[in-house]
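Worksheet: the structure to be examined is printed underneath.
The values are calculated or read from the model by the stated rules, or taken from the named source; none is laboratory data. As the structure is a prediction and not an experimental result, all values here were calculated from the model. Every residue, glycine as well, gets a Cβ built from its backbone with ideal geometry; the counts of neighbours run over all protein chains shown.
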């Protein structure tokens with residue numbers, strides 16, 4: 001991958017995860033407790049409106065909705081419920097596709113996994129559907145048993161790390177089902193940076 005593409009890719013990742021980092025930092029700066037969670041929620045809502053990509057518009061709407069309820073009722077429980085709703089929604093969409101014999105991830109991420117056969121796409125969709133269900137359950141357990149501060153730290157850092165590890169754990173299966181990483185590297189290298 002060229003240096004320009006690496007920089008562009010890093011910038012895109014920062015923009016995608018930026019609102020979550022803004023939420024985390026605002027909470028830490030505003031102090032713990034109700035006031036900190038409300039300030040962080042407002043900062044999160046403002047940050048998410050600044051950069052809305054087509055892939056995250058549902059999440060953006062939910063952040064704004066649950067954030068508004070959190071601020072209005074002055075109860076951080078609602079912003080904590082947002083990840084559960086998103087995870088269950090993703091799992092339901094992927095599960096509905098699987099019931100119809102369709103791998104919805106192929107529609108979203110086809111160019112990211114060149115050469116992957118249909119069985120690989122179905123397995124990948126199944127794995128992520130189950131993973132999203134597990135994240136939903138974990139979020140509800142964390143929300144019910146942990147302080148807001150601990151929940152937020154695990155949400156920002158723990159879920160991110162676990163998601164990366166889960167994606168890496170799927171690589172052997174993807175390679176067995178025809179994934180050709182060299183084609184992806186070539187496609188990325190040929191993509192102009194804006």
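What the table shows:
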{"read-out": "Filter result (farther than 26 Å from residue 29 by Cβ and either crowded, with 17+ Cβ neighbours inside 10 Å or touching a helix residue (DSSP H, G or I) at 6+ places or on another chain (Cβ under 9 Å) (or both)) within the stretch 132-143", "value": "132, 133, 134, 135, 136, 137, 138, 140"}
{"read-out": "Residue 100, sole failed condition from (1) touching a helix residue (DSSP H, G or I) at 6+ places or on another chain (Cβ under 6 Å); (2) within 23 Å of residue 85 (Cα to Cα)", "value": "(1)"}
{"read-out": "Selection from the stretch 168-179 of residues that are touching a residue at least 12 places away in the same chain (Cβ under 8 Å) and either surrounded by 14 or more Cβ atoms within 10 Å (Cβ to Cβ) or within 14 Å of the chain's Cα centre (by Cα) (or both)", "value": "170, 173, 174, 177, 178, 179"}
{"read-out": "Output for the stretch 144-167, where each listed residue is within 15 Å of the chain's Cα centre (by Cα), touching a residue at least 40 places away in the same chain (Cβ under 8 Å) and within 16 Å of residue 28 (Cβ to Cβ)", "value": "152, 155, 156"}
{"read-out": "Subset of the stretch 101-120 (residues that are in contact (Cβ under 8 Å) with a residue 24 or more places away in the chain, part of a helix (DSSP H, G or I) and surrounded by 15 or more Cβ atoms within 10 Å (Cβ to Cβ))", "value": "120"}
{"read-out": "Restricting the stretch 57-100 to residues that are at pLDDT 90 or above and crowded, with 20+ Cβ neighbours inside 10 Å, the residue that is farthest from residue 163 (Cα to Cα)", "value": "97"}
